[in-house]
Amino acid sequence: MRLYTYFRSSAAYRVRIALNLKGIDYQAVPVHLVRNGGEHKSADYLALNPQGLVPALAVDGQVLTQSLAILEYLNETHPDPALLPADPLGRARVRAIAQAIACDIHPINNLRVLQYLGGTLGLDQAAKDDWYRHWVQTGLQAVEAMLAADRRTGVFCHGDQPGLADCCLVPQVFNARRFNCDLTALPTIMRIAERCEQIDAFNQAAPAQQPDFE
């Protein structure tokens, strides 16, 4: 497997965690999202992934895109350890937590949105940071409520084994810290994130451990 990745991409970070949790060997192929105007905009990469986004996972002559789809593929093809619960209600809950992060928080705060805010709309850095913090804190407060109010939350987002939701949560917490978001009102999230960070699979997936870290 080849994972087209960028060290600071939350979406790629999710997939790196899942690959590590499942013990799957892969080759990291860095795609720098800033250098030379963004390597993801090159003709070669667009031929691989027409969206021009990371991650992309090349496997068996096919290229998979979209981090949640990749996570589901990895779970189906490498079922142990499972990223999703065995019961339908549990799976729906874990997917909802993951999507609250990956579909509602992350897309309006990723690099291309921040570049548009600063470039086309002319917002200064302070305004962009305010935008980022507002949507991260609003979104994570909702996730905190989803976790804190449900008895199925355990050591991790769902029970006592890390899964799909944790793969999404940890990268978002990393970014929230990077942008100095106020996390004091998120005790459940922080407890879970700190527990995840004690696991090698999460640590090895962290941005500072990647070959393209700078």
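Taking the criterion of being more than 22 Å from Ala98 (Cα to Cα), open to solvent by 60 Å² or more (accessible area, probe 1.4 Å) and modelled with pLDDT of 95 or more, would at least one residue in segment 68-77 satisfy it?
Checked against the condition, which is being more than 22 Å from Ala98 (Cα to Cα), open to solvent by 60 Å² or more (accessible area, probe 1.4 Å) and modelled with pLDDT of 95 or more, segment 68-77 yields no hits at all.
Are there any pairs, at least 6 apart or on different chains, whose C-beta atoms fall under 6 Å, with the first in segment 82-94 and in contact (Cβ under 8 Å) with a residue 60 or more places away in the chain and under 11 Å from Gln161 (Cβ atoms) and the second surrounded by 15 or more Cβ atoms within 10 Å (Cβ to Cβ) and of a type in the set (D, E, K, R), and if so, which?
Cβ pairs passing all conditions: Leu84/Arg91; Pro85/Arg91.
Give the residue that is nearest to Ile17 (Cα to Cα), with candidates limited to residues of segment 180-196 that are open to solvent by less than 60 Å² (accessible area, probe 1.4 Å) and free of Cβ contacts under 8 Å to residues at least 40 places away in the same chain.
Among those that are open to solvent by less than 60 Å² (accessible area, probe 1.4 Å) and free of Cβ contacts under 8 Å to residues at least 40 places away in the same chain, it is Ala193.
Quick check: is even one residue across segment 48-66 under 21 Å from Ile199 (Cα atoms), in contact with a strand residue (DSSP E or B) (Cβ under 7 Å, 6 or more places away or on another chain) and modelled with pLDDT of 95 or more?
no
Arg2 passes all but one of (1) more than 23 Å from Gly119 (Cα to Cα); (2) open to solvent by 40 Å² or more (accessible area, probe 1.4 Å); (3) touching a strand residue (DSSP E or B) at 6+ places or on another chain (Cβ under 7 Å); (4) free of Cβ contacts under 8 Å to residues at least 40 places away in the same chain; which number fails?
It is condition (4) that Arg2 fails.
Would you tally the residues in segment 83-118 being aliphatic (A, V, I, L, M) and open to solvent by 40 Å² or more (accessible area, probe 1.4 Å)?
6
Counting only residues that are in contact (Cβ under 8 Å) with a residue 24 or more places away in the chain and either in a helix (DSSP H, G or I) or over 13 Å from Phe179 (Cβ atoms) (or both), how many does segment 108-137 have?
8
Looking only at segment 119-158, how many residues end up being surrounded by 14 or more Cβ atoms within 10 Å (Cβ to Cβ) and more than 30 Å from Pro85 (Cβ to Cβ)?
So the answer is 6.
The values are calculated or read from the model by the stated rules, or taken from the named source; none is laboratory data. Predicted model, so just to flag it, every value in this text is computed and none were measured. Every residue, glycine among them, receives a Cβ derived from its backbone with ideal geometry; neighbour counts consider all protein chains shown. Side chains are part of the model used for accessible areas, which takes the heavy atoms of the whole protein and leaves out ligands, DNA and RNA. Shrake-Rupley method; radii C 1.70, N 1.55, O 1.52, S 1.80 Å.
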